[in-house]
1. Name the residue, out of Ser8, Ser37, Ser3, that is of a type in the set (Ser, Thr, Tyr), at pLDDT 85 or above and farther than 16 Å from Leu78 by Cβ.
2. Looking only at segment 1-52, count every residue that is charged (D, E, K, R) and over 18 Å from Leu65 (Cα atoms) and tell me the total.
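The values are calculated or read from the model by the stated rules, or taken from the named source; none is laboratory data. Just so we're clear, the structure is a prediction, and the values are computed from it rather than from any experiment. Quick reminder, even Gly has a Cβ in these numbers, built from the backbone with ideal geometry, and neighbours come from all protein chains shown.
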Amino acid sequence: MNSAAELSTARTEASLQIIKKITSKYPIDFMTVKKYSSGSAAIYKQHISLALSDMGYSLSVFGELYHDLFSSKTGWALVETKYPDTERL
């Protein structure tokens, strides 16, 4: 597998873990989020946030809910992504 594919896979796996965490408070699933990521190589936090916003849980994609979920210091749904070795990129 090449490193671009590995990076995409790592990001999508992290997003799956994030979605699993978020389902404890918001009724969202992978297939719902996947609709918002069409045309993208991976699923990103923005796709998850866009789905939540469209479902009415947030007024803005990058608003307060995004910060609550994904802040690098306090985001309760944040999952560390393991990236491939940078020398291979």
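1. Values: Ser8 fails: at pLDDT 85 or above; Ser3 fails: at pLDDT 85 or above.
Just a single option satisfies the conditions, and that option is Ser37.
2. Number of matching residues: 5.
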